[in-house]
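Undergrad: Structure below; questions to follow.
The values are calculated or read from the model by the stated rules, or taken from the named source; none is laboratory data. It should be emphasised that the depicted structure is a prediction, and the values quoted were computed from it without experimental measurement. Glycine also receives a Cβ, built like all others from the backbone with ideal geometry; neighbour counts cover every protein chain displayed. Please note that ligands, DNA and RNA were not included when accessible areas were found on the heavy atoms of the full protein model with its side chains. Shrake-Rupley method; radii C 1.70, N 1.55, O 1.52, S 1.80 Å.
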Amino acid sequence: MTDALSRLLASRDWLLADGATGTTLFNMGLMSGDAPELWNEEHPDRIQALYQGAVDAGSDMFLTNTFGGNASRLKLHSAEGRVHDLNRMGAEIGREVADKAGRPVVVAGSVGPTGEIMEPMGPLTHDLAVEMFHEQAEGLKAGGADILWVETISAAEEYKAAAEAARLADMPWCGTMSFDTAGRTMMGLTSAAMVKMVEKLDHAPLAFGANCGVGASDLLRTVLGFAAEGTERPLIAKGNAGIPKYVDGHIHYDGTPDLMAEYAVLARASGARIIGGCCGTTPEHLRAMRAALETREAGPRPTLDQITTTLGGFSSASDGTGDQAPPPRERRRRRG
């Protein structure tokens, strides 16, 4: 039998992913510097509400509360010995929510970066990275996650280590990178280079793409870069809900539900089949995105100018490949 995500992809032209984990948990009382993964044990009701919010908004899949659930990150909270249990708990809560949904919903085990720099630039070896990712993957698998969802990766070496860990755990997986530095990841990878890397992996992801980064416009330019390489693998777009701004002591994202609805439609037209939101994306945004995808016709591949006119200007004139983008535009405000 094929995996749950592949079955959904075979039956649908597009899937709606979830929104922001961190934004939602901060709204529930998580304090800056706390480990969200500890809430899988301390506040399972809140984690259930996090997942349920995405399902109720129409998401076809959601990520578990395990983004920082590897030994390197949990060591900062003296919880490096609890990797398996915390990941298992996060997935178990998700499995319960998904199984009660009344429709197919994929539980995606979130696997974030280790937070360390890989050799030769840093101290993290390939074998140790694989070991950390594998430990996390086994916990997610034990909790009932359908797939692994590797996200916000910057280094090709770390992405490859996660792929090997997924193979060792015998788990299907998806993987996104964050393109936030003039169209490149923090470690210098371009969209074209990512496609080439993905296609050479022994245990390739079911789907790949981009998440987080700067704003929705930048992310869609990256998705267009993936599509331009001619890959036949499904593409993922999980953009932030606008641009972060510091307001009254809190980070606020200025993207409205209407703006994210436009982003979702443009993401589909740009070639993405799995479309969701990242930082700042709430269930209200997701409902607007779902409604737009269901009621609006799929359009032709957008131009860069169409993207900036609709969503606002790019943060950089360069997409990381040497091509120049249109000059930044003032963000257009939509009524409502």
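Undergrad: Quick check on the range 267-281. Is at least one of its residues open to solvent by 30 Å² or more (accessible area, probe 1.4 Å), over 15 Å from the mean Cα position of the chain (by Cα), at negative phi and not polar (S, T, N, Q)? Let's see the steps before the verdict.
TA: Step one: of the range 267-281, the residues open to solvent by 30 Å² or more (accessible area, probe 1.4 Å) are 268, 273, 279.
When the remaining residues are screened for being over 15 Å from the mean Cα position of the chain (by Cα), the result is 268.
With at negative phi added as a condition, the list becomes 268.
Right, trim to not polar (S, T, N, Q) and you get 268.
Scanning the range 267-281, I find at least one residue that is open to solvent by 30 Å² or more (accessible area, probe 1.4 Å), over 15 Å from the mean Cα position of the chain (by Cα), at negative phi and not polar (S, T, N, Q), so the answer is yes.
Undergrad: Further question: Looking only at the range 169-197, count every residue that is within 14 Å of Ala155 (Cβ to Cβ), in contact with a Lys or Arg (Cβ under 9 Å, 6 or more places away or on another chain) and hydrophobic (A, V, I, L, M, F, W, C) and tell me the total. Spell out the reasoning first.
TA: Start the filter on the range 169-197 by keeping residues that are within 14 Å of Ala155 (Cβ to Cβ), which leaves 175-181, 184-190, 193-194, 197.
Next, from what is left, pick out any that are in contact with a Lys or Arg (Cβ under 9 Å, 6 or more places away or on another chain): 176, 179, 190, 193, 197.
Now narrow it down to the ones that are hydrophobic (A, V, I, L, M, F, W, C): 179, 193, 197.
Of the residues in the range 169-197, 3 are within 14 Å of Ala155 (Cβ to Cβ), in contact with a Lys or Arg (Cβ under 9 Å, 6 or more places away or on another chain) and hydrophobic (A, V, I, L, M, F, W, C).
Undergrad: So in the range 296-310, with the set limited to residues that are of a type in the set (A, V, I, L, M) and under 20 Å from Arg184 (Cα atoms), which one is surrounded by the fewest Cβ atoms within 10 Å (Cβ to Cβ)?
TA: Out of the qualifying residues, it is Leu304.
Undergrad: For the range 296-316, how many residues meet the condition of being in contact with a helix residue (DSSP H, G or I) (Cβ under 7 Å, 6 or more places away or on another chain) and under 22 Å from Arg273 (Cα atoms)? Show your work before the answer.
TA: Within the range 296-316, the subset in contact with a helix residue (DSSP H, G or I) (Cβ under 7 Å, 6 or more places away or on another chain) is 296, 298-302, 304, 307-308, 310-315.
This time we only want the ones that are under 22 Å from Arg273 (Cα atoms), so: 296, 298-302, 304, 307-308, 310-311.
Residues meeting the conditions: 11.
Undergrad: If you don't mind, there's one more thing I want to ask. Can you list residue pairs whose Cβ atoms sit under 7 Å apart, with the first residue in the range 128-155 being touching a residue at least 12 places away in the same chain (Cβ under 8 Å) and within 9 Å of Asn87 (Cβ to Cβ) and the second being in a helix (DSSP H, G or I) and among the basic types (Lys, Arg)? Count only pairs 6 or more apart in sequence or on different chains.
TA: Gly139/Arg88; Ala142/Arg88; Gly143/Arg88; Gly143/Arg95
Undergrad: Where in the range 203-317 are there helices (runs of 4 or more DSSP H), lying wholly inside it, with at least 2 residues that are free of Cβ contacts under 8 Å to residues at least 12 places away in the same chain and within 18 Å of Arg12 (Cα to Cα)?
TA: Details: elements: 216-228, 257-270, 283-295, 304-311.
Hits in the range 203-317: 283-295.
Undergrad: Inspect the range 64-72 for any residue being open to solvent by 20 Å² or more (accessible area, probe 1.4 Å), among the hydrophobic types (A, V, I, L, M, F, W, C), in contact with a Ser or Thr (Cβ under 7 Å, 6 or more places away or on another chain) and in contact (Cβ under 8 Å) with a residue 12 or more places away in the chain and give the result as yes or no.
TA: yes
Undergrad: I would also like to ask the following. Return the residues of the range 69-92 that are outside any helix (DSSP H, G or I) and farther than 18 Å from Val130 by Cβ; say none if nothing qualifies. Outline the logic, then answer.
TA: Applying the first criterion (outside any helix (DSSP H, G or I)) to the range 69-92 yields 69-70, 78-79.
Ser78, Ala79 - these are the residues of the range 69-92 that are outside any helix (DSSP H, G or I) and farther than 18 Å from Val130 by Cβ.
Undergrad: Further question on the same structure: Check the range 28-40 and report whether any residue there is of a type in the set (Ser, Thr, Tyr) and either assigned to a loop (DSSP other than H, G, I, E, B) or buried (at least 22 other Cβ atoms within 10 Å of the Cβ) (or both). Write out each step before concluding.
TA: Restricting attention to the range 28-40, the residues satisfying the condition of being of a type in the set (Ser, Thr, Tyr) are 32.
Among the residues that remain, those that are also either assigned to a loop (DSSP other than H, G, I, E, B) or buried (at least 22 other Cβ atoms within 10 Å of the Cβ) (or both) are: 32.
Yes, the conditions are met somewhere in the range 28-40.
Undergrad: Another question about this same structure. Please determine, by comparing only the residues of the range 198-215 that are touching a Leu at 6+ places or on another chain (Cβ under 7 Å) and open to solvent by 10 Å² or more (accessible area, probe 1.4 Å), which one is nearest to Pro172 (Cα to Cα).
TA: Ranking the candidates gives Leu206 first.
Undergrad: Consider the range 1-27. How many of its residues are modelled with pLDDT of 95 or more, touching a Pro at 6+ places or on another chain (Cβ under 9 Å), among the small types (Gly, Ala, Ser) and in a helix (DSSP H, G or I)?
TA: 3
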